[in-house]
Structure formats: C-alpha cells, structure tokens
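Reading through the structure tokens given below for one structure.
The values are calculated or read from the model by the stated rules, or taken from the named source; none is laboratory data. Treat the numbers as computed from the prediction; the structure is a model and nothing was measured. All Cβ positions, glycine included, derive from the backbone under ideal geometry; neighbour counts span all protein chains shown. Protein only, heavy atoms only, side chains kept; ligands, DNA and RNA dropped before computing areas. Shrake-Rupley method; radii C 1.70, N 1.55, O 1.52, S 1.80 Å.
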Amino acid sequence: MTFQLRLYQSLLFLLAAVPCGIPYRWDPNPVFPSELAAFFFCILITLAGVLVPSERDTRCTPPWSSLMWLGFCGVIGLQAVFLPHGYATERVYPLVYALGAAGAGWSLARAIAVFGVTPLLNMFAWGLLAGAIFNSGIAVPQIVQLIQEGPRLIFGNIGQKNMYGHYLAWGLASAAYLVTQKDELPKPVFWLVSLWLALSLAFCGSRSPLLYAGAWLALGLLVWWRGQDSLRQFGRALSIAAGLIILMQFAAPMVNELLQALLKAKNEVPTGLDRLDSNGSRRLVEWQKAWLVFQQYPVLGTGWGSYAVHSNALQVRPEFAIVSESVLFTHAHNSVLNLMAETGLLGTGVIVLGLAGVLWSAVRRWAEPGVMFALALLSVSLLHSLVEYPLWYFHFLGPFALMLVFAQSSAPRWPIPAMAARFGWALWGGAGLALCFLGGKIYLEIYPIMDPAGDEKLNASRIERLEGMRQNPLIDYYAEHALSNYIVASRSEIDWKLAILRKQNAIRPYPGQMTDQAVMEALLGNQAVAHDLMRRAAFAYPESFDYYYQTLDGFKEPNVRALLVDVDEARDFFNAKLDFKIKRELPSEAHAASSASTAAKAD
C-alpha cells in the first residue's frame, strides 16, 4: 500500500500548491487555467480511490460533506427544471464543480480510513506552505514595481489581492501546524517563514487577514490553554502566527521606509490596516440588494448565476445609485446572501446545514491537532466568504472541500460496498477527465477570438467559429458574450444581434451590450424596453457616459434620440449628489475629438 499512499500524498500536495501558482490570465475567464488544474487534481484524487485495496465485506459510505455537495447538485437540477434560464453554462459548471468536490472528498475519506489522517494531512499542509512561499516570492517584483512606479496590486500569481491574502493565510496556518509535527518543520524555519508570510500578508493590502488573525487568536489561545501535548503546541504556534499578522501591520511602514531608501523611491505599499478607513459601502449596497432579491424569490431563488441582472436593475434606486462604482457585481460579496438570492432557502439550507454539521463535528473532536488545523484553514475561507466569494473558484473550492473531510470523520451508516464506491469513482473519474480535456481544448480555441480584430475577413471567420460554439453547454454563455463584442448597433441583421444581446443582458448586463440593445429595441419601436435598458446602464455605469452620448448621437432616428433623456437624468442625478461632474460633449466636439485621436494614431 506504499504506492497508493505516496500517490495520495503527491496529489494532495499538487492540488494545494500548483493551481494557485499558474500565472496565465486570459478571457473569457481569467482564472480558468487555475480552476482547470484544481479540478484535474481532484479528479485524480477521486480515481486514486479505485486503487485502494479493500476486503469483500468493507463498507464505504461518503462523508457528510460529500452528501452536502450532492444535495446542492439536486438543487441546481430543480432550478434547471422549474426556472427559466438562458445558458446551460450556468447550470453545468456548478454541477460539475460540486461533483468534483464530492468525489474527491469521498475518495479522501476512504484514504484516511486506510492510511490514517497524519501522513495525508501533513503532505496537504506542505503543499499549501510551498504554494504560499512561491506566491509571496512572485509578489516581490510587484512590491518593487509599486514602490518605484506607483500604485498597483500585489497578488503573486493569483490575480487578486484578497485571494492572495486568503492563500497566504492557508500557508501560514500550515506552518503553525507542521512545526508541531515530529520531523516536519524545524522551529527556526517556522519563525523565518512565519515572519515572511505575515509581512507578505501586510503588503497585500487586504483587510481580511485581520479577521483571520482574530479567529486564530481565539482558537489558538483556547487549545493552548485546554489542550495537551501536540495540540497545546499547535495552539501556541497558531497564536504566534495570529500575533505576527497583527504585528506586521504595524512593522510594515518601517519596512516601507527601508525599501524606499534602498530603491530611492517615495511610493508606499499600503497595508490592510492602512485601508481600514475605506468605507466598503458598495458591499453594504449589494448585501441589501441580495436580501431584497431573496425576499422576492425565497424558496428556490432566482437561478444560479443570475444575481448580476437583479443587482443591475436595482441600481437605479437613488439610495443605491449614490454609491457609485462602474462595475458589474456578479456576486453579492457575501456568499450566504448570494446563495439566498440565487438558490433560496433550499440551496442555502443544504450548504449551511452541511457546513454546520462539519463544524459541530470539529468542535466535538477539538482535542485532535489535525482537526483544529483544518478548522483554522476553514475559518479563513468562511470569514473571507462573508465579504467576497473565494469558493466560487475551484482552485479554492477544491482544497476547501478536502479541508471539510479532514475536519469531519463521521459518515452515514449506509451499506455501500467498497466495490460499488470504487465503480462510482472510476465512472465519475473517467467523465471528469473527459471534461478536463474538452474544457481545456475549448478554452484554447475561444480565448484568442473574444474580441474583434481590424480585419473584416478575419472577423467573419471568428464569428463563424463562435456561432459553432453557441450550442455547446460548456461554453454557450462565453461564446455569445464573445459574439456580443462583435455587434455594432444598426438595422442590419437586427434579429440575430438582438437574439444574442437579449440573452446576454438577461443574465450579465454590461454597458456596451445594454446600449447596443437599447438602440436596436428603439429602432424596432420597443420604446419601453429601450428606455429601461438605457436608464439602467446610465445609473449602473457612470464612467461610460461619454460612450452613451457618442453612441446615441450617432443616430438621427427620434426613437433613439429619445434615449438621451435617460442618460441626462442619470447625469443630473450624479452631478447633484456626487463630487465629480459629468459633462456632455456636443456631437461636433465628440467628432472632432475622435478625428484628432485617429490622426494621432496614424502619425
């Protein structure tokens, strides 16, 4: 069984370390390479269960956390039956990801039963620590660039500073655990690594690590006080890690001064503590919107992935519009509220009850160091989920699903033979590998053609290829989103254009697509729809006012010109309520500016 154990350990290490180290960021989903890698390793972990030997009478039931993911699949299935939804993509991906989490969790539970938890958990922790150190090293040139050239984000290879802070916190907790394990991490190395990761957490600029430190301090001091032997050691190490996170928030300015002197620059790297006075009011707005949406659709929600259109529609309300931010909020920035809005009480209940069961099991097994380590990791993800949505990305969801298994050993007492479980793992593993291959192939095909080129013949060829992808359930939304980038509002091919834009704006309304649809709806005489779209666009995306005016001023038709009223209303609102002033260029001025820009490019 040595080979099977080494295989599990290798896969756990790779899942924890590799996906968050992938640097590629391409549209239509910039983090898809990382998600695909994490899903691939979870599928391999599932398949590894097939190789674990078992006696004829061995029973192998899935852990409660895997049943939670399967229950969530059932909710998505009900939504597919009872709720209208334009794209298969918005049903397929949550199903596939939930199945990926369930299969890997079940296989890991079987491996723990056979090999014991310690060798598997230790290797998982090493993967998180290695990945965190690697990403913090990648961030060093980013910090230097910020100090020399001015503001930019610090995110390693992860692509987003708050996700980067989340991952570094996983690594820091792993260091606190490994130093308490015999022959794993020497104490001097622990201090060196912990100081470095705590400083890196300060320099990422995320405020969430302060939440993690508070949770770790409470957990660490408790088990330090009440625990025995290695658990007491872990409590002390976790408390030290929490203290270092807080300490480095105050020490970072001194490091800033040293770096500025060495680099002969004046820019500072802001810490999370420096950003505490940032109001974060748009999050409060989205939380209120999500609650309003939930009240309208309390049982089954509005459908997975559909929050964005409701958020956009509610932004016209003055109390929301005054909190201006020209981006599409596809998520409520609170995962519980987002689940409530999109899946109602049914979907939220499945997830919340499942997580509550895991946490209750962890509390009952508080005397085990591995369980408390898993709880420290889970606290990072759960706290971050209250202000963002890290678990919507599989390179965070996959490891999180395994952390749930490490925290909970119990399972229902169902008479499922191990042979049947192995057959299920093999079946799902084969399907999962096929999905990995197809997903990677399609992604490589679509990312180069998301936006139009300067060559009409080339664009015609790209449109033809995208047309062929529209029926593929793995890519249909992204294919039509790419097609919408090729659309120019006009009377030509208006039915084809509107068929795409109506579906796009019914799920994720962006300013260009909304404006194009509004113009063509007006050309067809659908004035009420056109005004609603234009008004929503103007109130949700105030940074696009120049685009609105330039587009509408390009048409002489009265129905289209009438849409200027909606843009003017939004402009007057923002000019009266906010500090900045939005000016309108006259058509002749806009044309002159455009001509000057074109001439400059030609020169």
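Summary of values
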item: Selection from the range 298-315 of residues that are of a type in the set (A, V, I, L, M) and open to solvent by 10 Å² or more (accessible area, probe 1.4 Å); result: Val299, Leu300, Val309, Ala313, Leu314
item: Exclusive hit being small (Gly, Ala, Ser) and closer than 30 Å to Tyr164 by Cβ, set Gly424, Gly398, Gly349; result: Gly398
item: The lone exception for Leu292 - which of (1) over 25 Å from Ala407 (Cβ atoms); (2) touching a residue at least 60 places away in the same chain (Cβ under 8 Å) it fails; result: (2)
item: Residue selected from the range 83-111 under the condition out of contact with any helix residue (DSSP H, G or I) (no Cβ under 6 Å at 6 or more places or on another chain) and at pLDDT below 95, by the criterion surrounded by the fewest Cβ atoms within 10 Å (Cβ to Cβ); result: Pro84
item: Selected residue [at pLDDT below 95 and within 29 Å of the chain's Cα centre (by Cα)] from Asp229, Asp274; result: Asp274
item: Yes/no for Ala218 being among the small types (Gly, Ala, Ser), surrounded by 15 or more Cβ atoms within 10 Å (Cβ to Cβ) and under 32 Å from the mean Cα position of the chain (by Cα); result: no
item: Considering residues of the range 236-253 that are more than 17 Å from Leu146 (Cβ to Cβ) and open to solvent by 50 Å² or more (accessible area, probe 1.4 Å) only, the residue nearest to the chain's Cα centre (by Cα); result: Ile246
item: Hits in the range 509-532 (condition: open to solvent by 10 Å² or more (accessible area, probe 1.4 Å), part of a helix (DSSP H, G or I) and closer than 19 Å to Arg317 by Cα); result: Pro511, Ala528, Val529, His531, Asp532
item: Within the range 292-400, helices (runs of 4 or more DSSP H) holding 3 or more residues that are of a type in the set (Gly, Ala, Ser); result: 307-314, 335-364, 369-385
item: Any hit, the range 145-161, residues being acidic (Asp, Glu) and more than 20 Å from the chain's Cα centre (by Cα); result: yes
item: Residues of the range 491-508 satisfying the condition of being in a helix (DSSP H, G or I) and more than 21 Å from the chain's Cα centre (by Cα); result: Ile494, Asp495, Trp496, Lys497, Leu498, Ala499, Ile500, Leu501, Arg502, Lys503, Asn505
item: Pairs with Cβ under 6 Å, 6+ apart, first in the range 241-265 and closer than 14 Å to Trp196 by Cα, second open to solvent by 40 Å² or more (accessible area, probe 1.4 Å) and modelled with pLDDT of 95 or more; result: Ala242/Leu217
item: Residue in the range 341-350 that is under 23 Å from Ala540 (Cα atoms) and out of contact with any strand residue (DSSP E or B) (no Cβ under 8 Å at 6 or more places or on another chain) present; result: yes
item: Top-ranked residue in the range 86-103 [being among the hydroxyl-bearing types (Ser, Thr, Tyr) and part of a helix (DSSP H, G or I); ranked as nearest to Ala499 (Cα to Cα)]; result: Thr89
item: Residue in the range 208-222 that is within 20 Å of Leu377 (Cβ to Cβ), in contact with a Phe, Trp or Tyr (Cβ under 8 Å, 6 or more places away or on another chain), at pLDDT 95 or above and not small (Gly, Ala, Ser) present; result: no
item: Qualifying positions in the range 101-125 - of a type outside the set (Gly, Ala, Ser) and closer than 23 Å to Gly71 by Cβ; result: Trp106, Leu108, Arg110, Ile112
item: Residues within the range 112-126 that are open to solvent by less than 10 Å² (accessible area, probe 1.4 Å) and not in a helix (DSSP H, G or I), tallied; result: 0
item: Restricting the range 316-375 to residues that are open to solvent by less than 20 Å² (accessible area, probe 1.4 Å), more than 23 Å from the chain's Cα centre (by Cα) and of a type outside the set (Gly, Ala, Ser), the residue that is farthest from Ala101 (Cα to Cα); result: Phe320
item: Of all residues making up the range 170-205, the number that are in contact with a Phe, Trp or Tyr (Cβ under 6 Å, 6 or more places away or on another chain) and under 14 Å from Ala237 (Cβ atoms); result: 4
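Here's the yes/no breakdown for (1) in contact with a Cys (Cβ under 9 Å, 6 or more places away or on another chain); (2) open to solvent by 60 Å² or more (accessible area, probe 1.4 Å); (3) not in a helix (DSSP H, G or I):
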site: Glu55; (1), (2), (3): no, yes, yes
site: Trp69; (1), (2), (3): no, no, no
site: Val75; (1), (2), (3): no, no, no
site: Leu78; (1), (2), (3): no, yes, no
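Residue by residue, here is whether (1) among the charged types (D, E, K, R); (2) in contact with a helix residue (DSSP H, G or I) (Cβ under 6 Å, 6 or more places away or on another chain); (3) in contact (Cβ under 8 Å) with a residue 40 or more places away in the chain; (4) more than 18 Å from Trp126 (Cα to Cα) holds:
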{"position": "Ser136", "(1), (2), (3), (4)": "no, yes, yes, no"}
{"position": "Ile147", "(1), (2), (3), (4)": "no, yes, yes, yes"}
{"position": "Gly205", "(1), (2), (3), (4)": "no, yes, yes, yes"}
{"position": "Ser208", "(1), (2), (3), (4)": "no, yes, yes, yes"}
{"position": "Leu221", "(1), (2), (3), (4)": "no, yes, no, yes"}
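So that you can scan it fast, the table gives a plain yes or no per residue for (1) among the small types (Gly, Ala, Ser); (2) buried (at least 17 other Cβ atoms within 10 Å of the Cβ); (3) not in a loop (DSSP other than H, G, I, E, B):
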| residue | (1), (2), (3) |
| --- | --- |
| Tyr447 | no, yes, yes |
| Gly454 | yes, no, no |
| Lys457 | no, no, yes |
| Ala460 | yes, no, yes |
| Glu464 | no, no, yes |
| Asn472 | no, no, no |
| Tyr477 | no, yes, yes |
| Ala482 | yes, yes, yes |
| Ala489 | yes, yes, no |
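For every residue, the table says whether it meets (1) charged (D, E, K, R); (2) over 19 Å from Leu501 (Cα atoms); (3) crowded, with 19+ Cβ neighbours inside 10 Å.
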residue	(1), (2), (3)
Phe545	no, yes, yes
Gln550	no, yes, no
Leu563	no, no, yes
Ala570	no, yes, yes
Asn575	no, yes, no
